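> This is the structure I have questions about; it appears just below.
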Amino acid sequence: MNAVLYDVQDNIAILTLNRPESLNAVNPAMIDALLAASSRAASDAVVRAVVVRGAGDHFMAGGDLKWFREQTGLPAQASRERFEELIEGVHASVLNFKRMNKPVIAAVHGAVAGFGLSLMLAADLVLASDNAYFTLAYSNIALSPDGGATWSLPRQVGLKQAMEIALLGERFDVSRARELGLVNRVVPRDDLEAETLKLARRLAAGPSTALAHTKALLNQSFDNSLEAQLHAEQMSFVDCATKPDFAEGLSGFFEKRKPVYNKN
């Protein structure tokens, strides 16, 4: 059984975490498959939006603790090498999602824990079902976070809230996640798939160059000076303005019709 399913429909790559019997917990097979799938989505010219979701009743319950325990029984150096290899794959996958020039939507339900939360944070937009619940969880088993959580959380919720989530490892519900700004929209569980695909189709039909530039500008803004960000905006604006999508957007506006993008 493939640990991550990959499907493309309507220019949308749908990546489904597929270890439902283990609550989609992370093990090497899952990470190898996630890295391959995210690389494929990033490089596929047909794909203009990406969805990450979980099979079964949960998005992802964090690491596979059975696998973790097996590694602790190995000699110290062998154990260290196994964990280093796993986290290298985790981080390469996160970088794929952050760097790809197409919007990424996480559709989460049930448990969103450990790396599940880190993976969600790496997405550009998050739709959550009303039964979703969240915990960073690492401190509960004497680990520090991975998957970019310590980079993403302070930027999204502020340092004090990030400290609380990371240090205490407490569980919080979808209302709290919405209040913190960790999710964009909350929908009934039965509507999650339909609402996710609706949003993904909207993005896939949008001006891909402009969306790619906008994603990149927002992601780099925290690390840029104002002057550097203004320069980046100028370069991006001019690049967008010289693409066929811009002319189509103007034509749609003046002709009072919906533009048809991605004719580049």
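> In terms of modelled amide H atoms, which long-range or inter-chain residues lie less than 5 Å from the amide H of VAL51?
Placed amide hydrogens put ALA13, ILE14, LEU15, ILE105 under 5 Å from VAL51.
> So how tilted is helix 208-220 from the main axis of the chain? Cα-based, degrees 0 to 90, rounded to 10.
50 degrees
> Sticking with this structure for a sec: Considering only lysines 8 or more places apart in sequence, or on different chains, count the pairs in the chain whose C-alpha atoms sit under 19 Å apart.
Final tally of qualifying lysine pairs is 9.
> How would VAL90, VAL51 line up from fewest to most surrounding beta-carbon atoms within 10 angstrom?
Fewest-to-most Cβ neighbours within 10 Å comes out as VAL90, VAL51.
> Moving to a separate point now. I'd like the antiparallel share, as a percent to the nearest 5, of DSSP beta bridges with both residues in the chain.
25 percent
> With a/c under 1.5 counting as rounded, go ahead and sort the chain into rounded, prolate or oblate using the C-alpha gyration tensor (a ≥ b ≥ c being the square roots of the eigenvalues; past the cut-off, prolate if a/b is larger than b/c, else oblate).
Verdict is prolate for the chain.
> Residue by residue through region 246-254, which ³J(HN,Hα) values in whole Hz follow from phi under the Karplus form 6.51 cos²θ - 1.76 cosθ + 1.60 (θ = phi - 60°), with glycine and proline marked x?
5, 4, 5, x, 5, 4, x, 5, 6
> Name the residue, out of SER208, SER38, SER225, whose mean-square fluctuation peaks in a Gaussian network model built on the chain with Cα pairs under 10 Å.
Of the options given, SER225 has the highest mean-square fluctuation.
> Can you compute the charge dipole magnitude of the chain about its Cα centre, using +1 on each Lys and Arg Cβ and -1 on each Asp and Glu Cβ, nothing else charged? Give it in debye, rounded to the nearest 20.
500 debye
> Can you give me the angle between helix 226-241 and the longest principal axis of the chain, using Cα atoms only, in degrees from 0 to 90, rounded to the nearest 10?
60 degrees
> Please compute the net charge surrounding LYS66, taking Lys and Arg as +1 and Asp and Glu as -1 over other residues with Cβ under 15 Å from its Cβ.
0
Values in this text are rule-based calculations from the coordinates and carry no lab data. Here the structure is a predicted model, which is why all the values come from computation and not from measurement. All Cβ positions, even for glycine, are placed from backbone atoms using ideal geometry, and neighbour counts span all protein chains on display.
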